[in-house]
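**Q** Mind having a look at this structure? Questions to follow.
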Amino acid sequence: VQLQASGGGLVQAGDSLTLSCVVSGRTFGTYTMAWFRQAPGKEREFVAAMRWNGDNRAYAEFVGDRFTISGDNAQNTVYLQMNSLKSEDTAVYYCAAGTRWEYGIWTAGMYDVWGRGTLVTVSS
């Protein structure tokens, strides 16, 4: 499996942005997909996850109702719709793929494959 994230850029606080993660190399439907982010000088942190063959979704507390993770099976793509962006959302965003939906999906160790990341910069 290979993951290619895109969609990052420079936006103003309050703007919206949608990140995409194209999955290639294997049947997409068997994976748990997630987004993590890493801000300068900080550790990588969980943002959101979804179970591809189901309605399961999970979000970090800081997301609130601002972000939505979704997938398009036909396009083999996972999205992260981000609204009401804040300066503290500035980070490199990574998509990740795993094979389990269970306790601990917010930990990086649950994921086997990672994309290269896309930079989101939010100016205040």
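**Q** So what's the projected area for the range 1-64, the Cα convex hull averaged over all directions, in nm²?
**A** That works out to 5.5 nm², a quarter of the Cα hull's surface.
**Q** Relative contact order (percent) for the chain, with alpha-carbon contacts under 8 angstrom and 6 or more residues of separation?
**A** Relative contact order here is 36 percent.
**Q** For labels at D72 and R100 in the simple 7 Å Cα→Cβ model, what's the distance in nm?
**A** Here the answer is 3.2 nm between the modelled labels.
**Q** What figure, in Å² to the nearest 10, do you get for the accessible area of R44 with a 1.4 Å probe and non-protein molecules left out?
**A** 90
**Q** I've got another one for you. With every protein chain left in place, what is the accessible area per residue of the chain in square angstrom, probe 1.4 Å?
**A** 51
**Q** Could you give the alpha-carbon Rg of the chain over 2.2 N^0.38 Å, rounded to two decimals?
**A** Dividing the Cα radius of gyration by 2.2 N^0.38 Å gives 0.97.
**Q** With a 1.4 Å probe and every protein chain kept in, tell me what percent of the accessible surface of the chain is carbon plus sulfur.
**A** Result for the chain: 44 percent of the exposed heavy-atom area is carbon or sulfur.
The values are calculated or read from the model by the stated rules, or taken from the named source; none is laboratory data. In this text, all values refer to a predicted model and were calculated from it rather than measured experimentally. Quick reminder, even Gly has a Cβ in these numbers, built from the backbone with ideal geometry, and neighbours come from all protein chains shown. Quick note on the areas: whole protein, heavy atoms, side chains included, nothing else; ligands and nucleic acids left out. Shrake-Rupley method; radii C 1.70, N 1.55, O 1.52, S 1.80 Å.
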